Amino acid sequence: MNLEIHVTETTSPLQRRSFLKGAAGIGAGVAFAGPFGALATRTAGAAPGNPDASGVGYGPLSPVKDQTTGLELLLLPKGFEYISYGWTNDPMSDGKPTPGSHDGMAAFRTEDGVRLVRNHERGLSSSGSIAPASSTYDPAAGGGTTNLRFDPDAGEWLESYASLGGTIRNCAGGPTPEGTWISCEENLTIPGADNTATELHGYNFEVPADGMATGVPLKAMGRFNHEATATDPATGYVYETEDTGDSVLYRFRPTNRSDLAAGGVLEAMKLDGTTDTRQWVTGQSDTATWVVVDDPDPQTNEYAASTRGQAAAKGAALITRGEGAWYGNGVVYIVASNGGPLRLGQVFSYDPATSRFTCVFASTAAELLAAPDNVCVSPRGGIVLCEDGSGLEYMHGLTADGQIFRFAQNNVRLPADVMQARGYSGTGDYTGSEWAGATFEPKNGNWLFANIQSPGITFAITGPWRRGAL
């Protein structure tokens, strides 16, 4: 029996959940997304005070009710809807409470739906690891990852469990072509009399999308204030960012791209014409080469011995607060959270084919972009920037040619009864909390997943993507 399903963009994707679930059982296919190249018109870039003037966004933002709680947690463009899940303290499928401080995340398409790995940016903890002992690095540390499963056809969250524990400040990371997530520690704790740590920190850890981590650090990838990674699928090279004011961009060339624990060579980017990109404006570009970091695993936190200190001594280019990283559109995108002349943030691209390093966007006004952090690229080629500023927080869209617009606003204000029921403290106003972990369902790009770090919520967002640049 052949059944053809026509889905219009005016129909709510979440209202279709029951229908689509039934249709999937008889082999019906549904396509929502159009190609990125089909965008019809592009006008001049957005101007301060009118962030959607580019013509490539989705229009004004307005409150939308969460399909799980009924609360208006997000402001979104017309036609977009969402489902919240994995709130801090919610019981997971393994019986543990969901840890807080949700951060970086990636989505993987598997036979049983979409699998996600989510970071938790937590520190040392008196309650110990969030994961079983077999997946724990340091029993005194409370950071790590949780894995989630989502049914993209039914629009339903299915399960969650702790997959890595015993780490500190798992900020971001990145997916690999092997179907794993690299979780990064943004921390350099050394065990000593002033803390309870039992292990040296500052490493990356690999987590399978559909299993448990081993808790073994990937020491050859470097010990530093890790932020994010992006893997070039053509070479297996892993690009790594570092969250310091005088950071560098790293490249890890693995001995075996399918086994990162087997070691490799850590390098840092050097530019032909400068040693400092921190004031670059949109359009500045230079040719990159790479210098070897001789000791990727320094046992001290002294600058000269650090990976960035070694790299700078060889002429590596400085980047201020390297944060998000993602591979897409054939390039590696890198975010400098407070780079640029106004220190509002930069987005760079590195083209492995030409070795060109380019500033594709430097913010010229806080109304456009302030303190970008995590980044991802949609299957259609649009770029999502998660904001981590000091006021109202947005997820922004950015085109590959540098046109920016607002896509979503954090509107999390929880009433007193919800705060009490969930065991939260404070006023209930979380509108200043950062966005993190933006990642698209990779096969069709029908769902965008993202986190609000506090109080700790994960969202699955869907809607008429082909109306704009994402």
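The values are calculated or read from the model by the stated rules, or taken from the named source; none is laboratory data. Everything quoted here is computed from the prediction, not taken from an experiment. For neighbour counting, all protein chains shown are included, and Cβ atoms are generated from backbone atoms with ideal geometry for every residue, glycine included. Ligands, DNA and RNA are excluded from the accessible area calculation, which covers all protein heavy atoms including side chains. Shrake-Rupley method; radii C 1.70, N 1.55, O 1.52, S 1.80 Å.
Bin by bin, in steps of 10 Å, what percent of the Cα pairs in segment 200-312 do you find, going until the bin that has the longest distance?
Whole-percent P(r) values from 0 Å outward: 13, 45, 31, 10, 1.
With Rg and the Kirkwood Rh both taken from Cα atoms, where does Rg over Rh land for segment 314-470?
1.01
List the residues of segment 394-412 whose backbone N lies under 18 Å from a point placed 7 Å from the Cα of residue 71 along the Cα-to-Cβ direction.
394, 409-412
What is the distance in Å between the Cα centres of segment 221-254 and segment 51-109?
If you average the Cα positions of each part, the centres end up 28 Å apart.
Determine Rg/Rh for the chain; Rg is computed over alpha-carbon atoms and Rh is the Kirkwood hydrodynamic estimate from the same atoms. All intermediate terms of the calculation are to be shown ahead of the outcome.
Details: Rg = 21.3 Å, Rh = 22.3 Å.
Result: Rg/Rh = 0.95.
Compute the accessible area per residue over the chain, keeping the other protein chains in place, probe 1.4 Å, unit Å².
Details: 17160 Å² over 470 residues.
Per residue, the chain has an accessible area of 37 Å².
Provide the per-residue ³J(HN,Hα) series for segment 311-318, in order, calculated from phi with Karplus coefficients 6.51, -1.76, 1.60 and θ = phi - 60°, each as a whole number of Hz, with x at glycine and proline positions.
Couplings: 5, 4, 5, 9, x, 5, 7, 7 Hz.
With θ taken as phi - 60° and the coefficients 6.51, -1.76 and 1.60, list the Karplus ³J(HN,Hα) couplings across segment 122-136 in order, rounded to whole Hz; mark glycine and proline as x.
10, x, 4, 9, 6, 8, x, 6, 7, 10, x, 4, 5, 10, 10
Across every pair of different alpha-carbon atoms, what Kirkwood hydrodynamic radius in Å does segment 121-273 reach?
Answer for segment 121-273: a Kirkwood hydrodynamic radius of 16.0 Å.
May I ask you to list the residues of segment 187-218 whose amide nitrogen lies under 16 Å from a point 7 Å from Cα along the Cα→beta-carbon direction of residue 300?
Counting backbone N atoms under 16 Å from the label point, the list is 190-191.
Using a 1.4 angstrom probe with every protein chain in place, what is the largest-first accessible-area order of 108, 449?
Ranking 108, 449 by accessible area, largest first, yields 108, 449.
Considering the Cα positions of segment 57-159, please state its Rg to one decimal place and its Dmax as a whole number of Å.
16.1, 48
Taking Cα pairs under 8 Å and at least six residues apart, what relative contact order does the chain come out at, in percent?
In percent, rounded to a whole number, it is 16.
Restricted to Cα positions, what overall size does segment 299-360 have along the principal axes? Three whole-Å values, descending.
38, 30, 19
At a 1.4 Å probe, what is the % contribution of carbon and sulfur to the accessible area of the chain?
The C+S portion of the solvent-accessible surface of the chain is 49 percent.
Express the relative contact order of segment 298-431 as a whole percentage, based on alpha carbon pairs under 8 Å and six or more residues apart in sequence.
14
Expressed as cubic angstrom per residue, what is the convex hull volume of the alpha carbon set of segment 251-389?
Each residue corresponds to 129 Å³ of Cα convex hull volume.
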